[in-house]
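Trainee: Handing you this structure, nothing more for now.
The values are calculated or read from the model by the stated rules, or taken from the named source; none is laboratory data. It should be emphasised that the depicted structure is a prediction, and the values quoted were computed from it without experimental measurement. Cβ atoms come from the backbone with ideal geometry, glycine included; neighbour counts cover every protein chain shown. Please note that ligands, DNA and RNA were not included when accessible areas were found on the heavy atoms of the full protein model with its side chains. Shrake-Rupley method; radii C 1.70, N 1.55, O 1.52, S 1.80 Å.
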Amino acid sequence: MALGLPEGRRDRQAAGPRIPRYGLVLITAAAVGAIVSGAYLYFESTHVHGEGPANRAPQATATITSTGVIPSEYLGTWEGALENAEGRHTRKMVIRQGYVDETVMTLTATGPTANGDVYRCVFKAELDSVTRNAVRLSASTPTAAKPASTCTAGKPSKLTLLSKDRLRRASGDEGDRMTYYRSGRRK
């Protein structure tokens, strides 16, 4: 027994300095937390869904609201056009808030036909899904057609933001794509 210590107590100095158990637990937890946080931040900054940082389009904020699940950046009126031998064909797409299986898109298509007439088709599509990078729509169905023979159902499509004022609508295997501009903001 060491001199000056009450009977039954061990001499802690003889065993060397000791770190209390709770201190060791705190140090270990902090180290593990730092490693996990660093790995997560690295992954998010370099490999979001297989895309490198240089290839990333702006990310939409996925917030579920009381009226739907579509990110607000997609909502509103979008316009596009294409040209072919018959002339200019315009598209006006309106995206509304909604949930899966609800009608969220209305598309009005107008343009000349091969025989010189003018067609006007109105389509609707329901929401299939929303991911971090895209809004997927069901196959579009015509709700109004003039003349009726010019308006046929479309394929399921995917909407992808290219910037805050541009989005791409791709159908099928993405071979059929069209860029739309937010109404009034085409640049």
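Trainee: Considering only region 157-181, how many residues are assigned to a strand (DSSP E or B), over 13 Å from the mean Cα position of the chain (by Cα) and in contact (Cβ under 8 Å) with a residue 12 or more places away in the chain?
Mentor: Counting residues in region 157-181 that are assigned to a strand (DSSP E or B), over 13 Å from the mean Cα position of the chain (by Cα) and in contact (Cβ under 8 Å) with a residue 12 or more places away in the chain gives 10.
Trainee: Is at least one residue of region 73-87 surrounded by 14 or more Cβ atoms within 10 Å (Cβ to Cβ), more than 29 Å from residue 150 (Cβ to Cβ) and at pLDDT below 90?
Mentor: Scanning region 73-87, I find no residue that is surrounded by 14 or more Cβ atoms within 10 Å (Cβ to Cβ), more than 29 Å from residue 150 (Cβ to Cβ) and at pLDDT below 90, so the answer is no.
Trainee: Now, a different point. Please find, within region 119-151, the residue that is surrounded by the most Cβ atoms within 10 Å (Cβ to Cβ) out of those that are over 26 Å from residue 85 (Cα atoms) and of a type in the set (Ser, Thr, Tyr).
Mentor: 138
Trainee: Could you say which residue among 184, 116, 98, 154 is over 19 Å from residue 71 (Cβ atoms), open to solvent by less than 40 Å² (accessible area, probe 1.4 Å) and either of a type outside the set (A, V, I, L, M, F, W, C) or in a strand (DSSP E or B) (or both)?
Mentor: 154
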